[in-house]
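The values are calculated or read from the model by the stated rules, or taken from the named source; none is laboratory data. Everything numeric here is computed off the predicted structure, so don't read it as measured data. Please note: Cβ atoms are built from the backbone with ideal geometry, for glycine as well, and neighbour counts cover all protein chains shown. Accessible surface is based on the protein model in full, side chains and every heavy atom, while ligands, DNA and RNA are left aside. Shrake-Rupley method; radii C 1.70, N 1.55, O 1.52, S 1.80 Å.
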Amino acid sequence: MAFQERVIGCFQALATGDAIGKQTEMLSRADVRHWYPGGITGFHGQPGDVIPRYAGKRYEWRIGETTDDTEQTLAVARALLREGRANHEAIGQELLQCKKSLHPGVSLWTFVQLGDPCRIASEGDGCGAAMRAAPVGVLCPSSRPDELIRGAYECAIPTHGGQMAVCAAAAVAGAVSAALDGRPSAQVLTVAVRASREAETLRPSGEAATITRSIAEIYSDLVRRQHLIADELAHQYFPNKPQTIVPLAISLALVTQSAQQTALLAANIGGDSDSVASIGGAIAGALHPETVSQKWFEVVSSINEDDLLDVATSLATLRPTT
C-alpha cells in the first residue's frame, strides 16, 4: 500500500472521528443513551445543523464540524511543512492562530493570552498535545525513535509540559509512524510503548501512574476480549483523565483495526469522545485506510471546507526514505 494512501487515511480518519465523537463529548455513558437511545451509528441529523445539545450554548457546534483536535493537528502539520522539522517555536506560531475551544480553563487559552510562540510549558497533563501529534508520526519514521520522540516533545511543550502529556504525545506519534510504515498492530503497540517510556526522561515525575503502563494494561485487557462493549468500556476506562484517554484510543485502534469501529465505540462511551475517536481514528486509518468511512468524510469535507487533504499529501512527501 502506498505511503501517501496511508497518510490520507490517517488524516481522514482523524477528522471524521473528531466530528463523530463531538456529538457525545463530555457526556456520561448514561447521557449518551439519553440523547441517542439507539446509540451513535454515524452522524445523527442533517449535516450542518446544530448538534441538539449545543443549541443555545456559547458555541453551537454543528453536525459534521471538527473541533480543536483537527484544527491543532493542521496547525502542527503546517509548521512541519514550513520548517521541515518539529520546532516548538514554529508550532507555537501556528497554534496562536487556532480559535476553536479557546476559552478560560483550557491549555491553549493560557498560551494565547501570553502570546509567546517560544513559550515552554512547565506543566499540563491533558491530552491536548497527543491529539495534535499525528503529523510528527508522518514526518518521522519509526526507525528513527530519537527524532520521533523529540518531535513529539517539541509538539507538546508550547502548551503541555507534564510527563503524561509529553509521553502521550510520543506514544501517538510513535503509533502513527509505525502504522504508516505498515507494521503489524503488535509492532505498532511496541513502538508506542517504547516512545512513551523513553519520553519519560524528558519530563521526570514522581507520580507512580504513567501513560506507558496504562497503554500496556488497557491494551492487554481489550485484546483478550471477545467483544468490545461500550457499557463495559465506559465502566472500566471512562476517558475523562490522562491515564485513560490516550491509552484507550490507542488500544481501540489496535484491537479493532478499524477507523470506523474506533470512532463509533468512542462516541458511544462518551467522555473525551472526540479526542479518543480522532486519536484512535488516526492510528487505525494509517493501519487500514480502507476502514475510513468515505461517506462520513464527505460530510466532514463539506462542513469544514479546510485544506486537510492538501496538507496531508504535502506532508507525506517530507518523510525521509531511509
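Kindly state, as a whole number, the per residue volume in cubic angstrom of the convex hull around the alpha carbon atoms of the range 1-104.
With only Cα atoms used, the range 1-104 gives 144 Å³ per residue.
Quick check: at a probe of 1.4 Å, how many percent of the accessible area of the range 1-82 sits on carbon and sulfur atoms?
Looking at the range 1-82 in its full context, I get 50 percent from C and S.
Could you work out the Kirkwood radius for the range 168-322, taking every pair of different alpha carbons, averaging 1/r and inverting it, reported in Å?
16.0 Å
Over the range 123-228, average the accessible area per residue using a 1.4 Å probe and give it in Å², no decimals.
35 Å²
For the range 1-64, which trypsin sites (Lys or Arg not before Pro) are both in a DSSP coil and crowded by at most 12 other Cβ atoms within 10 Å?
Here the trypsin sites (Lys or Arg not before Pro) that fit, given the DSSP loop and packing criteria, are Lys57, Arg58.
In whole percent, and with a 1.4 Å probe on the protein chains, what portion of the accessible area of the range 171-322 is carbon and sulfur?
C and S fraction of accessible area: 49 percent.
Simple spin-label model, 7 Å along Cα-to-Cβ: Ser220 to Leu102 in nm?
4.4 nm
Enumerate the amide H contacts of Arg62 below 5 Å, restricted to partners 5 or more residues apart or on another chain; note that Pro and chain-start residues carry no placed amide H.
Correct list: Ile51.
What ³J(HN,Hα) values, in whole Hz, does the Karplus curve 6.51 cos²θ - 1.76 cosθ + 1.60 give for the range 188-193 when θ = phi - 60°, with x put for Gly and Pro?
4, 4, 4, 5, 5, 5
What stretch of the chain, leaving out the sites themselves, is the longest with no GluC sites (Glu not before Pro) in a DSSP loop having at most 13 other Cβ atoms within 10 Å?
208-304
Using θ = phi - 60° and the Karplus curve 6.51 cos²θ - 1.76 cosθ + 1.60, what whole-Hz ³J(HN,Hα) does each residue of the range 156-167 get, with Gly and Pro shown as x?
Working through the residues one at a time gives 7, 5, x, 10, 10, x, x, 4, 4, 5, 5, 5 Hz.
How large is ³J(HN,Hα) for each residue in the range 85-97, as worked out from phi by the Karplus curve 6.51 cos²θ - 1.76 cosθ + 1.60 (θ = phi - 60°), to whole Hz, x for Gly and Pro?
Whole-Hz 3J(HN,Hα) from phi for the range 85-97: 7, 8, 10, 5, 5, 5, 5, x, 4, 6, 5, 5, 8.
I'd like the Kirkwood hydrodynamic radius of the range 273-322, using the inverse of the mean 1/r over distinct C-alpha pairs, in Å.
12.5 Å
Find the relative contact order for the range 101-252 and round it to a whole percent, using C-alpha pairs within less than 8 Å whose residues are 6+ positions apart.
Answer for the range 101-252 is 22 percent.
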